[in-house]
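Rule-based calculations on the coordinates, nothing more; no lab input. Quantities reported herein were computed from a predicted structural model and do not represent experimental measurements. Neighbour counts are summed over all protein chains in view; Cβ atoms, including those assigned to glycine, are modelled from backbone coordinates with ideal geometry.
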């Protein structure tokens with residue numbers, strides 16, 4: 001990340017480390033104070049930023065559940081929780097500077113987030129997990145992770161990526177389950193045209209691969225892409241939470257038969273198969 005947007009306000013006092021490795025309350029306090037200041041100076045409509053604050057704490061909740069379900073030790077859990085809290089730190093400067101959450105039209109928010117974590121020194125009291133957390137923030141939005149990552153970095157990043165996807169499914173389900181028109185910010189300015197589709201996205205669903213944002217042609221493609229995330233979740237706890245929530249099933253159920261039927265049914269069958277897996 002070459003350029004960090006100027007921060008137009010004084011930063012809150014830095015977090016302090018708790019004696020309890022599972023307590024990141026000081027960091028949560030800092031994050032709420034920081035985002036409150038971002039909301040105050042935002043020159044645009046604040047709703048999208050408010051949704052990002054809510055999203056962050058829901059991702060944190062998912063990350064905590066994944067760590068507990070997978071039986072992670074306390075130091076690894078702490079790294080996962082901090083990475084979940086800070087994973088979208090850059091979204092606020094991104095929106096304030098470019099008036100968009102679309103990385104292609106602004107910046108890579110993962111890389112900017114890692115740069116801000118370092119620039120703001122929010123992990124100055126976390127020497128044991130600082131590297132893993134910062135790298136997880138940088139990589140959480142990558143299409144695929146690099147090979148040969150250190151074990152702790154890979155694990156923390158995978159937790160954040162799973163937790164992030166689980167809440168994005170909720171956000172999209174809530175938004176797309178109501179009548180349009182849809183917010184351009186939420187649907188990445190994609191057209192809601194039932195005749196537009198991407199064969200590449202369809203092929204990904206049919207062959208068990210995760211679709212890419214760069215291949216989307218319509219809102220319905222976006223629905224299908226979200227369903228392909230079933231193939232990318234790293235943990236049994238994540239897959240269990242995905243099926244229990246029902247968001248992916250509802251999103252796929254909104255797809256029309258004439259183009260999306262086979263791809264949709266393939267993904268629904270995958271969800272049905274997960275339902276038969278014993279709970280974690």
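Residue exposure proxy: 221, 167, ordered by other Cβ atoms within 10 angstrom of their Cβ from fewest to most, comes out as 167, 221.
Listing 234, 177 from the residue with the fewest other Cβ atoms within 10 Å to the one with the most, what is the order?
Working: 234 17, 177 12.
Ascending number of Cβ neighbours within 10 Å: 177, 234.
The alpha-carbon positions of region 175-260 define a convex hull whose volume is 99 Å³ per residue.
What is the packing order of peptides 257-264, 193-200, taking the mean over residues of other C-beta atoms within 10 Å and listing the highest first? Mind showing how you got there, number by number?
Numbers: 257-264: 16.0, 193-200: 14.5.
The most tightly packed comes first, giving 257-264, 193-200.
Judged by the ratio a/c of the largest to the smallest principal axis of the C-alpha gyration tensor, the chain counts as oblate, that ratio being 1.5 or greater while a/b is no larger than b/c. Can you tell me the orientation of helix 25-41 relative to the chain, as the angle in degrees between its alpha-carbon axis and the longest Cα principal axis, to the nearest 10? Computed tilt is about 80 degrees. A crude spin-label estimate for the pair residue 118 and residue 22, with each label 7 Å from Cα along the Cβ direction, gives 3.3 nm.
Rounded to whole Å, give me the distance from the Cα center of region 97-170 to that of region 1-79. If you average the Cα positions of each part, the centres end up 12 Å apart. Residue exposure proxy: 125, 204, 151, ordered by other Cβ atoms within 10 angstrom of their Cβ from fewest to most, comes out as 151, 125, 204. Distance from a point 7 Å along Cα→Cβ of residue 145 to each backbone N in region 230-252: keep the residues under 13 Å and list them by number. Those under the cut-off are 232-236.
The value given for region 25-166 is a Kirkwood hydrodynamic radius of 15.1 Å, derived from the mean inverse Cα-Cα separation.
The simple spin-label model puts a point 7 Å past each Cα toward its Cβ; for residue 39 and residue 232 those points are separated by 2.8 nm.
Using a Förster distance of 51 angstrom, determine the FRET efficiency expected from the C-beta separation of residue 6 and residue 277, and round it to 0.05.
Values: r = 49 Å, r/R0 = 0.96.
Using R0 = 51 Å, I get an efficiency of 0.55.
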